[in-house]
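Remarks on the structure that follows.
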Amino acid sequence: MNPAIVLAIAAALPVVAGLLLLFCSGRMKNRTVKCLLVGLVLVCSAALVLRLELMGDQQFFVWDMTTTLHIAFVVDNMTRIFGIVTVVAWTLGGIYAFEYMKHEENEDRYFGFYLIAMGVLICLAHAGNLITLYLFFEMMTLTTLPMVLHSMKHEAIMAGLKYMFYSVAGAFCALFGIFYFYNHTVGSFFRAGGVITEMGEKYSGTPAMTLLAALLMIIGFGAKAGMFPLHGWLPTAHPVAPAPASAVLSGVITKFGVLSVIRIVYYTVGPDYIRGTYVQYAWMILSLITVFMGSMMAYREKVLKKRMAYSTVSQVSYIMFGLSVLNVQALTGALAHVIFHSAVKNTLFLVAGAIIYKTGRTRVEQLRGIGKEMPITMWCFTLVSVALIGIPPTSGFISKWYLATGSLESGMGILSWFGPVVLLLSAMLTAGYLLSITIKGFFPGNDYDYQGLVKKEPNLLMLVPMILFTIAAVGFGMFPTALINFLQTAAAGIL
């Protein structure tokens, strides 16, 4: 089958289903049938994306907006990483939400926008040039905003406005770079190694303006990845959004800030153009500030979901740091952390949602003894916490090993060893703010009311996605060879 047709069906299917759910939901009263149909759409769309990724590298235009602006898509190693992570996490998050959203108002609106956002993300993952990337990046913000606004309470509206402001402000920073690059004929498909680097003397832009545009685009798209100074939307949006929405905001949406930066640095400007410039140093410093700051804020935070949000701020900047080093080892670690962090953070937010759903507890100090009430749920929490800290043989150890060794091999003076030091400090703080919950959850002390203990484990619709994500977080660390070989090949191909 033509890859353009497969992509079109994979993206259009959830969008059409989501629109029908928004505008025709009143005609379908049976909730079970409705959930089955939503699940079928999620699975079919995910299967189509998996089929697309197996077709080999592809490039195709689908629409000429003007003589110079073209909507284009690609299939390459980056789409295989980000596309597959997206559809797997989105499908499992949707299945979890069937139970979680059962008693929520405006459930149809949630699933309607959830499906539409999936179609947009599939297109964004496969964006083939700058204008397509920007178009679907903005659409991603608009289609995921209703998930933050879901409850329509005052704090949700304020959080939604903050999410919107930060996302649009970041995208506008990136838009400057798009205007500049298009003015100098950088409007074709992305190229591994950088379109500008490939053009050589044919490129008419000045080095000073090119570097400024690149830095603004890194900071602008970095807003969605939660990189300082545009990180503030994450700890505001996550606590007010439904738990399955928080999971995909953290595990998936932030990764599209990462993908956009990859497309700018490695496919548009070129790593050789940036290496050794102030752009690389500023990028590395901002990412390390975010890593440490996010971990420290998470350590101090007492609201469970907000603690997880600050953790995301820190952990996604591990990826940004790896990208900024501009060598194969660190880039391999960054791409591995994209996958591993998605599995871990989806689990953590789903666990938080299960606790809230079954007990109503939202603060860390309320979780004493929770491991006795919800043992399977808290074992999932514990195992992925170990992975996020980076304790072997879990997946986080693998990605952080490559990040640290890549930094040490970079030859960037003080930053080459300062990076691993910050990562180590962050890992220690991560252990403090995650394992403290586990310890108090499983070992509540002698004064805990063991006689009045009631099991509160959620049902299989919520447990199975958590268990599958947990298996992935641990399994990738125990059997990493095939995945790491693929990621090393992908990294070497764009450097």
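A few remarks follow.
- Residues that are at pLDDT below 90, hydrophobic (A, V, I, L, M, F, W, C) and assigned to a helix (DSSP H, G or I) within the stretch 182-219 comprise 195, 196, 199, listed in sequence order.
- Listed by first and then second residue, the pairs with beta-carbon distance under 6 Å, at least 6 apart or on different chains, first residue in the stretch 1-20 and over 15 Å from residue 90 (Cα atoms) and free of Cβ contacts under 8 Å to residues at least 60 places away in the same chain, second of a type in the set (Phe, Trp, Tyr) and open to solvent by less than 20 Å² (accessible area, probe 1.4 Å), form an empty list.
- At least 1 residues being more than 23 Å from the chain's Cα centre (by Cα) and under 30 Å from residue 98 (Cα atoms) is the threshold, and among the helices (runs of 4 or more DSSP H) wholly inside the stretch 384-495 those reaching it are 414-442, 460-478.
- Residue match in the stretch 312-323 (condition: at pLDDT below 95, touching a Pro at 6+ places or on another chain (Cβ under 8 Å) and either part of a helix (DSSP H, G or I) or open to solvent by less than 30 Å² (accessible area, probe 1.4 Å) (or both)): yes
- For the stretch 231-267, taking the residues that are part of a loop (DSSP other than H, G, I, E, B) and surrounded by 24 or more Cβ atoms within 10 Å (Cβ to Cβ), the one that is modelled with the lowest pLDDT is identified as 231.
- Residue within the stretch 70-80 that is closer than 16 Å to residue 133 by Cα and either among the polar types (S, T, N, Q) or surrounded by fewer than 16 Cβ atoms within 10 Å (Cβ to Cβ) (or both) present: yes
- From the options 23, 61, 98, residue that is under 15 Å from residue 127 (Cβ atoms) and modelled with pLDDT under 95: 61
- Residue, least open to solvent (accessible area, probe 1.4 Å), within the stretch 51-69, restricted to residues that are in contact with a helix residue (DSSP H, G or I) (Cβ under 7 Å, 6 or more places away or on another chain) and assigned to a strand (DSSP E or B): 60
- Test: residue in the stretch 411-422 that is hydrophobic (A, V, I, L, M, F, W, C) and over 24 Å from residue 290 (Cβ atoms): no
- The set of residues from the stretch 274-298 being surrounded by fewer than 20 Cβ atoms within 10 Å (Cβ to Cβ) and in a helix (DSSP H, G or I) comprises 278, 281, 282, 285, 289, 292, 293, 296.
- Residue 91 being in a loop (DSSP other than H, G, I, E, B) and of a type outside the set (Asp, Glu): no
- For the stretch 163-213, the tally of residues that are open to solvent by 40 Å² or more (accessible area, probe 1.4 Å) and either in contact with a Cys (Cβ under 6 Å, 6 or more places away or on another chain) or within 17 Å of residue 138 (Cβ to Cβ) (or both) stands at 8.
- Boolean, residue 336 is in contact with a helix residue (DSSP H, G or I) (Cβ under 8 Å, 6 or more places away or on another chain), open to solvent by less than 10 Å² (accessible area, probe 1.4 Å), aliphatic (A, V, I, L, M) and at pLDDT below 95: no
- Of residues in the stretch 421-469 being open to solvent by 70 Å² or more (accessible area, probe 1.4 Å) and of a type in the set (Val, Ile, Thr), the one modelled with the lowest pLDDT: 454
The values are calculated or read from the model by the stated rules, or taken from the named source; none is laboratory data. All of these numbers come straight from a predicted model, not from anything done at the bench. All Cβ positions, even for glycine, are placed from backbone atoms using ideal geometry, and neighbour counts span all protein chains on display. Surface areas here come from the heavy atoms of the whole protein model, side chains and all, with no ligands, DNA or RNA. Shrake-Rupley method; radii C 1.70, N 1.55, O 1.52, S 1.80 Å.
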